[in-house]
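Have a look at the structure below before the remarks.
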Number of protein chains: 2
Amino acid sequence: MGEIVGAVDYLREERRSAKFDVKAMKIMWAGGKHEFEVADRMARLVASDPEFKKDDRIHQGRRELVKNTLRKVAHGWKRINELRLTDEEAAQLRIFVDEPCFIDLHTRMFIPAIEGQATDEQQRKWLPLAYRMQIFGCYAQTELGHGSNVQGLETTATFDHETDEFVLHSPTLTSIKWWPGGLGKVSTHAIVYARMIIHGQDHGVQGFIVQLRSLDDHELLPGITVGDIGMKFGNRALNAMDNGFLLFDHVRIPRDQMLMRMVQVTREGKVESGVPRQLIYGTMVLVRQTIVYDASRSLSRAVCIATRYSAVRRQFGSENGLETQVIDYKTQQSRLFPLLASAYAFRIVAGWLKWLYNDVNDQLQAKDFSRLPEIHACTAGLKALTTSVTADGIEECRKLCGGHGYLESSGLPELFASYVPACTFEGDNVVLLLQVARFLMKTVLNLGSGKPPVGTIAYMGRVEHLTESRCTVQKAEDWLNPDVVIEAFEARSLRMSLACAQNLSRFSNQDEGFLELSAELLGAALAHCQLIVVSKFIEKLQEDIPGVGVKEQLQALCSIYVLSIINKHLGDFLATGSITPKQASLAQDLLRSLFSKVRPNAVALVDAFNYTDHFLGSALGRYDGNVYPKLYEEAMKDPMNQTEVLDGYQEYIRPILKHQRRESRL
Amino acid sequence: MGEIVGAVDYLREERRSAKFDVKAMKIMWAGGKHEFEVADRMARLVASDPEFKKDDRIHQGRRELVKNTLRKVAHGWKRINELRLTDEEAAQLRIFVDEPCFIDLHTRMFIPAIEGQATDEQQRKWLPLAYRMQIFGCYAQTELGHGSNVQGLETTATFDHETDEFVLHSPTLTSIKWWPGGLGKVSTHAIVYARMIIHGQDHGVQGFIVQLRSLDDHELLPGITVGDIGMKFGNRALNAMDNGFLLFDHVRIPRDQMLMRMVQVTREGKVESGVPRQLIYGTMVLVRQTIVYDASRSLSRAVCIATRYSAVRRQFGSENGLETQVIDYKTQQSRLFPLLASAYAFRIVAGWLKWLYNDVNDQLQAKDFSRLPEIHACTAGLKALTTSVTADGIEECRKLCGGHGYLESSGLPELFASYVPACTFEGDNVVLLLQVARFLMKTVLNLGSGKPPVGTIAYMGRVEHLTESRCTVQKAEDWLNPDVVIEAFEARSLRMSLACAQNLSRFSNQDEGFLELSAELLGAALAHCQLIVVSKFIEKLQEDIPGVGVKEQLQALCSIYVLSIINKHLGDFLATGSITPKQASLAQDLLRSLFSKVRPNAVALVDAFNYTDHFLGSALGRYDGNVYPKLYEEAMKDPMNQTEVLDGYQEYIRPILKHQRRESRL
């Protein structure tokens, strides 16, 4: 069977047919030449280091898996020191090592919480320890009985005036801290959120720095019970991480381990306010920007696998002896290409959010908090939209790989199981979209009250125009006009918000009305978020984008993104009269022709993500398309294949086969 | 923390609020008193037998997991014999044992293939061996490079006239048999599909019975290479099963091991035809009926978990000290209740398919093959529709359980990973829906050619009426009228098919047109299938259904099913003019009020599935709602919790914590 094994590029023809400068697209995707160079170098560094091998993990038991991850963390840390990598390089290296672990929580949650919520004095004490990894920290907020509603937390931190300490305690089973990554086995410290009780009075939820384990021998400190919450979705995925639980039995910490930047407690137990809470919004924008960026990476990774495999896999319609490549089927294209377009759209939005982060910080420096509600709504909505589409999109890519997508060696089950928590963490997507909806309702109610809406909701100020406007599309190509597209999306979004507001006005109790209409409100919020993505994609296309054919490809992808949303949410567009059935049908026609346009460029468009085979971790998504020998090779590694006759044959199979009495039934 | 542990029913209030006879609903769900009694008895038998414990599987490695499943198979077989269970009882027992294993393939694929495709003489030889389990068989059709397209298979079976044998051979890597369950390690025999070559001529794909392993010691026979294809999606799920690969190196079998019921090969190598192929359509209907039935079971299982947990879980909106049950939120109801309604709808359709199976068999006996194309399209479509909704629905239920749904102890990750292959096996859903679409196009083209369409496509005969009709809904309650609903669904389906046919007519090459328009054709096929489900649900409600309030609940669920489809596919209904935006808005209003009507009955409606805690295997779905102590108990079983200090601390954590040089960076 040597005839199809070898150093051949089975996708060479696909790459030859590309009509754009792939290297220039890689730079666009990375966000710049420098960013491309760093990411490329780190990806290769990881891929070429045998210590970072990933394909031995599938048969490891839980303890072995966790230990293996710790080994890589230690090795990564060693390499970062030896090579004197910059922070940017180190972050990229960790991305390409591609194993969820406690360091993610230490760097993304523990340190930012101290930077944002600790006083300068507290920061001087704790940050050097955290930066140098002399302590490992996690972020202990959610409890067994309490998730999204932070105000419902039950853990208490009671001030003891005599000793100048806070006493942390878990009063009920439901108050056990539950889920924090890195908590179960590794972290020496945690930021713990608890109800602050002073002189019998509840001052709401505050953050505290609590040491959990001895820095000498890693044993737990007195009064602290910590453990792992057990197996999670998937084979490996987050099982490599020690998501944990935590119970306090009257654990004492010094008063100055309360995070006091926003709220301060004096020696006497007096509660005073510090800097305005709004100042930490910058961090929130940064966290959400990272999540949107991660979404584009995970979705593009799945799309890369599905696209390459769809170009390798052949089925039905044999002409000239070869069956048809499945990527040539419109059914495949109509599911795959909108996801390809979404990956690009989310990457571009993540780039815009990076700019927004700097902009917000400038505003905060100038003590201007006026745009925060809009920015909160925008980033919350984009987090919800991009993570939901990505989670569903990964699973869709798995299905697009047919039966083989169900094999772990396809890399897709692992990617899915690792990704889906993004829909829940950092704000459940439904809860976030309802916050967006609440903001939209407020905006609609205030229309005409003088202050015109700005930023992502500026369009709502043109309410007279948008409630009357009619889409001008008369032939399919008219849908390529960005002004026409934006207006259709603005009209749909605004009209949905107006309809919700009108329905709300029928309720005497607005809170009740909001609950009753929440399904419709979610629809309005989603429409608004999709408009933001479409706008930012179109804005990007108005910039100068270097490289032969690069902008043209992005234009096609942008149109596919736009038209597939119209297709999927057709009910919204028609019910609000934003477009007509005839215009919808023209959109469908154009979409089909755009699929044909993207088809010869598809493999090159996923090559532009610049993912190594190591990072993809997929027999189906290999760069060279040499799929089948790799699938066979991976199968042979299974421990089941170590013996010809199965362990269990003597005890459980043979007795049945040899039992010949008549009464033996099926 | 003893205060919330104990023998309390946390859902008692929920059960008290139910307004219908739950026992009568259980009987409706089971399909009759006898069926209920058998299923109930078998479920309890399994749940009470410690040998069938399921909760120890999560930490087993691959070989241990497979061996554990074999142990249960052997124990189940022993109990079936000891208790002299009927076939019906044995089948129910295996369902509640709830572990995918080789027996499923032996009974559902290997035996039916022999029953359907072997001659009477062959059946006399092979069936007793298979029935008595003196051999174990699997169904080896798909190959590494070939899935849905059976005609593309590469394995050859070449007739050797001299020895009167067939020589089976795998000529390429892509011809390796790949995926068959039970093949890798257990089966002694396989039905192998291969291209039959006689005197150098290719006679297409035929089935052959091939022995793989010695019946003495289970060693592989000469020329046969067999193994396991490796890990699949999930922790346990199908990893308990030995899906396998198979290569032939010129393996010889006697001529009479070709399955000769439909095609015969004489001693001289002459190919003759036997009974008509259509006679095996009865089996196909039966297989698909089983799949639809399984879909209703898996979806209802996920819905049961999510519903009970949604009634236990509280979040936000605290009044009287307690937060609101999440099942009271409209966002939760609008995602959960349509799935509850779908589970009931699919169970009712499965019941109808059972009737259809008998009806088809009567027709086949009478050599009447005229309705086969319609029945093929109907069953193919229902398979595709119900399995897709179920796969997505299980994942949606997991998300409805918030963070805890991501824990394996919720039971939902395992259920999802076990279920999703149903979208691919027995016909990929996209391929099946395209077959439905092809049939619909043929039907539309033949309209007015004399023979009026019958059965599930009878409505297409009323083309004049349905293209002109207008939906008469004027107030929300009008949507409760079954005639109005059916006509809206018929109009939508027929108009979508007509639009596709019209677009097709613009192509000079019909095959090309079909490929180009396949995304639209899928939409038309889906609309037709949803109409079938809606019709059968409505027909069921015209029967006498015993039990106080039972029919009323089913009526509410039927309306929820109908209106949530209108909501989800609003674009179709509006674009075809089957309903107006105003009528859509009324549908939405009615849907909300139906959610409120179902709400107090929700827990009782999932109790009616009669699932034991053993079968559910979920800490979140427990009958008594005592969720939190169970989650904690499950977590404590993790091997990570065996030591306080993690294995790996000395090697990988301590060196980082103790390394204090300045250059150590994050």
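Laboratory data are not the source of any read-out in this text; all were calculated from the coordinates shown. All values derive from a computational prediction rather than experimental measurement. Virtual Cβ from ideal backbone geometry, glycine too; neighbours counted across all protein chains shown.
Odds and ends about this structure:
- Take each residue in A:152-161, count the other chain C-beta atoms within 10 Å of its C-beta, and the mean is 1.
- Extreme residue, positive dipole direction of the stretch A:328-436, given options A:F416, A:I348, A:F369 (C-beta unit charges): A:I348
- In units of the rule-of-thumb radius 2.2 N^0.38 Å, the stretch A:270-316 shows an alpha carbon radius of gyration of 2.29.
- Between the alpha-carbon centres of the stretch B:255-274 and the stretch A:192-207 there is a gap of 83 Å.
- Net length available on complete extension from A:R71 to A:E115 is 13.0 nm, with 0.36 nm assigned per residue and the Cα-Cα distance removed.
- Quick note on the protein assembly as shown: its Rg to Rh ratio, both from C-alpha atoms and Rh being the Kirkwood radius, is 0.95.
- Rg [Å, one decimal], Dmax [Å, integer] - chain B, C-alpha atoms: 27.5, 91
- A quarter of the convex hull surface defined by the alpha-carbon atoms of the stretch A:437-581 gives 9.6 nm² as the mean projection.
- Of all lysines in the structure, those lying under 18 Å Cα to Cα from B:K568, and not within fewer than 8 positions of it along the same chain, are A:K568, B:K330, B:K582.
- Two-decimal ratio, the stretch B:124-276, of alpha-carbon radius of gyration to 2.2 N^0.38 Å: 1.04
- Label-point separation in nm, A:S449 to B:D164, each point 7 Å along Cα→Cβ: 9.5
- Put a dot 7 Å past the Cα of A:E37, heading toward its Cβ, do the same for B:H203, and the two dots end up 6.9 nm apart.
- Here the stretch B:551-615 is treated as a Stokes sphere of Kirkwood radius computed over C-alpha pairs; at 25 °C and 0.890 mPa s its diffusion coefficient rounds to 184 µm²/s.
- Protection proxy ranking, peptides B:444-450, A:357-363, average beta carbon neighbours within 10 Å, highest first: A:357-363, B:444-450
- For q = 0.12 Å⁻¹, Debye-computed log10 I/I(0) when each Cα of the stretch B:468-538 counts as one equal scatterer: -0.41
- Over 32 Å between alpha carbons, listed pairs A:K33/A:K399; A:K33/A:K54; A:K125/A:K270; A:K54/B:K383: A:K33/A:K399; A:K54/B:K383
- Directionally averaged shadow of the stretch A:64-210, computed from the convex hull of its alpha-carbon atoms, nm²: 10.4
- Point-charge dipole on Cβ atoms (K/R +1, D/E -1) for the stretch A:1-127, about Cα centre, debye to 20: 220
- DSSP bridge pairs, the protein assembly as shown: antiparallel proportion in percent, nearest 5: 85
- Partner chain coverage, peptide B:132-138 - average Cβ within 10 angstrom: 4
- In the stretch A:526-666, the C-alpha radius of gyration followed by the widest Cα-Cα span (Dmax) gives 26.8, 82 angstrom.
- With at most 14 other Cβ atoms within 10 Å, longest stretch of chain A clear of loop trypsin sites (Lys or Arg not before Pro) (DSSP): A:85-266
- Test item: Cα-centred dipole of chain A, Lys/Arg +1 and Asp/Glu -1 on Cβ, debye: 1080
- Taken over the stretch A:154-203, the alpha-carbon convex hull comes to 93 cubic angstrom per residue.
- By the beta-carbon count within 10 Å of each Cβ, the least crowded to most crowded order of B:D104, A:D607, fewest first, is B:D104, A:D607.
- Average other protein chain Cβ within 10 Å of Cβ, residues B:231-243: 5
- Annotation for the stretch B:85-156 versus the stretch B:587-647: alpha-carbon center distance of 35 Å.
- In angstrom, the C-alpha Rg and Dmax of the stretch B:293-410 are 19.5, 71.
- Principal axis dimensions, the stretch A:199-286 - Cα atoms, whole angstrom, descending: 48, 37, 27
- Ranked A:W355, A:W178, criterion: other C-beta atoms within 10 Å, fewest first: A:W355, A:W178
- 222 nm mean residue ellipticity, helices alone, for the protein assembly as shown (DSSP H n ≥ 4; -39,500 (n - 2.57); rounded to 500): -16000 deg cm²/dmol
- Relative contact order for the stretch B:279-365, counting Cα pairs under 8 Å that sit 6 or more residues apart, in percent: 43
- Measuring nothing but alpha carbons in the stretch B:354-405 and taking Rh as the Kirkwood radius, the Rg to Rh ratio lands at 1.32.
- Computed over the stretch A:497-565, Kirkwood Rh from alpha-carbon pairs, angstrom: 14.5
- Shape call, the stretch A:251-290: gyration tensor on alpha carbons, a/c limit 1.5: oblate
- Gain in span if fully extended, A:A366 to A:E477, counting 0.36 nm per residue against the direct Cα distance: 35.4 nm
- Taking the Cα centre of the stretch B:437-520 as origin and assigning +1 to Lys and Arg Cβ atoms and -1 to Asp and Glu Cβ atoms, the resulting dipole is close to 180 debye.
- Entries in A:K53/A:K78; B:K53/B:K637; B:K26/B:K540; B:K23/B:K354 that, when Cα-Cα distance is taken, lie over 18 Å: B:K23/B:K354
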